[in-house]
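Presented below is the structure to which this report refers.
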Amino acid sequence: MKTINVATDTASVLAADSHLVQSFADLNALKQADSRTVISEAKGVYVKNGDGESLLDGIGGLWCVNIGHGREEMIEAISSQLKTLDYYSTFYNFTHPTAAALAQKIAQLAPGSLNHVHFGNSGSVANDTAIRLLHHYNNRLGRPNKKKILSRIGAYHGSTHLAMAMTTPAYSEGWDCASDLVQHLRSPHYWREGEGMSETEFLDALIMDLKTNIHNTGAENIAAFIAEPIMGAGGVIVPPEGYHARMAEVCAENEIKYISDEVVTSFGRLGHFFASKDVFGVTPDIITTAKGLTSGYQPLSATIISDEIHEVISGPDGLFSHGMTYSGHPAASAAALTNIAIMEQEKLLEQVQDTGKIFERSLKELNDLELVGEVRGSHFMIGIEFVKNKATKEPFTPEDMVGSKVAEVAQRRGLVARPLGNILILSPPLTLTEEQIADIADILRQSIIEVSASL
């Protein structure tokens, strides 16, 4: 068979790319060739652009590449699996070794009684699955009205029709979504929302907001509360200490299921396989995960449910009318098993508990810059918010796009960072050395100073 050769130089890729509809992009702006970046190669914590220039991957692809790029063990595991069993579905009564083994391994790693796993191919699908499943669960219990979902301002849960409804409304401006199913609670961002209150008082206000929403809507109409342990694409927002445990307690009192969206925070980003219990002290009813599950080497997600939920949906007449063609794909499952094995064998989680804190401290030192309002996050999950006035926290307008300006300068200096309006997000591979961490901090400092001078 003739070998397929794909051109990797910038000009050739951009010519072909005119046919590609890119995600979360200004499609009109992309008509300008210089507005796009070609990434053609990757190894370790570095990527190369279409001109062959090496860049530190400060975003891990997109919160994903936890073990670093180009791991031969992963490539071999995927290739070997394709040679043995390239594809078979997990529909009906069919199963296969890697999906079964991965489900077992995830159940061993997950907290509490979360012992049952349904696979999908993205975080959006994992979160959609959680809601469809809970709606079915309540139907089986004779509670057909218990369908509403509580989410939060600032949340990001995906871009499918339902997942986007659970995402903060700013992301769906100009688009439709299943908004009639979802109510948004207050953002838990103390720096922005807690003016005039102590952090304890702010937490009490957030709990009261939850209780008020439950009272007004009726617990009998609410199926679940969904929350990221740390908000990701909403700006890397860390809630007040004790927030998740107290929210879960109120939910349990009202028979509202607690969904922990760990699409970003699981598989090492905060130094644990799952952050819900180990970091935030809560054992949810459902955990959703994706991204770091395979370190981005294959598309795979998982919705992990409790024994109690599984018991209800698997009883008599328990037809589970939900699934995707590629659920538990053999190659994706093999990638996830190998990814977990690498993390365990190399003690990567223990390493992150050390180097992740170094990364966090290094970036929080940027707080001394006048343009920086707040550096927030934990371990290898950091957000930097830029402000017009540091004393008053006056924000830039969306049109200022300071995050994009800093990201552009940083990329020119050798670092890929993710702009989000007037915020910059860093979520690099977990394998960074202290020297590479220092390089990232230095590039960011010099980039912010350069942009500040231009403003």
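The values are calculated or read from the model by the stated rules, or taken from the named source; none is laboratory data. In this text, all values refer to a predicted model and were calculated from it rather than measured experimentally. Ideal geometry is used to build each Cβ from the backbone, glycine not excepted, and the neighbour counts take in all protein chains shown.
Among the numbered conditions (1) surrounded by 15 or more Cβ atoms within 10 Å (Cβ to Cβ); (2) out of contact with any strand residue (DSSP E or B) (no Cβ under 9 Å at 6 or more places or on another chain); (3) under 26 Å from Gly271 (Cα atoms), the only one that Glu450 does not meet is (3). Only one entry in Glu193, Glu173 is within 27 Å of Gly373 (Cβ to Cβ) and modelled with pLDDT under 95, namely Glu173. What number of residues in segment 396-441 are assigned to a helix (DSSP H, G or I) and more than 22 Å from Gln351 (Cβ to Cβ)? Of the residues in that region, 14 qualify. Does any residue of segment 38-60 turn out to be in a helix (DSSP H, G or I), in the same structural domain as Leu426 (by TED's automatic domain parsing) and touching a residue at least 60 places away in the same chain (Cβ under 8 Å)? Yes: one or more hits. Among the residues of segment 217-243, those that are within 17 Å of the chain's Cα centre (by Cα) and either over 22 Å from Lys146 (Cβ atoms) or part of a helix (DSSP H, G or I) (or both) comprise Glu228, Pro229, Ile230, Met231, Gly232, Ala233, Gly234, Gly235, Val236, Ile237, Val238, Pro239. In segment 251-269, the qualifying residues are those that are within 14 Å of the chain's Cα centre (by Cα) and part of a loop (DSSP other than H, G, I, E, B), and the one that is nearest to Asp307 (Cα to Cα) is Glu262. Of all residues in segment 434-443, those being within 15 Å of Gly60 (Cβ to Cβ) and touching a helix residue (DSSP H, G or I) at 6+ places or on another chain (Cβ under 8 Å) number 2. In this structure, is Lys291 over 14 Å from the mean Cα position of the chain (by Cα) and modelled with pLDDT of 95 or more? Judged against the criteria, Lys291 is not a match.
Listed by first and then second residue, the pairs linking a residue in segment 188-200 that is more than 20 Å from Met247 (Cα to Cα) and in the same structural domain as Thr392 (by TED's automatic domain parsing) to a residue that is exposed (fewer than 15 other Cβ atoms within 10 Å of the Cβ) and among the hydroxyl-bearing types (Ser, Thr, Tyr), with Cβ atoms under 9 Å apart and 6 or more places separating them unless they lie on different chains, form an empty list.
Look through segment 162-209, keep the residues that are among the charged types (D, E, K, R) and within 26 Å of Ala130 (Cβ to Cβ), and return whichever of them is surrounded by the fewest Cβ atoms within 10 Å (Cβ to Cβ). Result: Glu173.
Do the conditions hold for Gly377, that is, is it buried (at least 21 other Cβ atoms within 10 Å of the Cβ), within 20 Å of the chain's Cα centre (by Cα) and in a strand (DSSP E or B)? So Gly377 fits the description; yes.
Restricting attention to segment 311-336, the residues being surrounded by fewer than 20 Cβ atoms within 10 Å (Cβ to Cβ) and either outside the structural domain of Gly112 (by TED's automatic domain parsing) or not aromatic (Phe, Trp, Tyr) (or both) number 14. Go through (1) outside the structural domain of Pro419 (by TED's automatic domain parsing); (2) among the hydroxyl-bearing types (Ser, Thr, Tyr); (3) not in a helix (DSSP H, G or I) and name the single condition Thr392 misses. Here Thr392 meets the rest and fails (1). May I ask you to verify whether Gln108 is in a helix (DSSP H, G or I), modelled with pLDDT of 95 or more, buried (at least 19 other Cβ atoms within 10 Å of the Cβ) and not small (Gly, Ala, Ser)? It is false that Gln108 is in a helix (DSSP H, G or I), modelled with pLDDT of 95 or more, buried (at least 19 other Cβ atoms within 10 Å of the Cβ) and not small (Gly, Ala, Ser). Residue count for segment 189-215 satisfying the condition of being of a type outside the set (D, E, K, R) and within 19 Å of Asn254 (Cβ to Cβ): 10.
Looking across Ala101, Ala130, one residue alone is closer than 30 Å to Asn221 by Cα and either within 26 Å of the chain's Cα centre (by Cα) or assigned to a strand (DSSP E or B) (or both). It is Ala130.
Would you mind stating whether Tyr87 is in contact with a Pro (Cβ under 7 Å, 6 or more places away or on another chain) and outside any helix (DSSP H, G or I)? When the stated conditions are applied, Tyr87 passes them. Here is the figure for segment 352-363: residues that are more than 21 Å from the chain's Cα centre (by Cα) and either of a type outside the set (Lys, Arg) or surrounded by 13 or more Cβ atoms within 10 Å (Cβ to Cβ) (or both) total 3.
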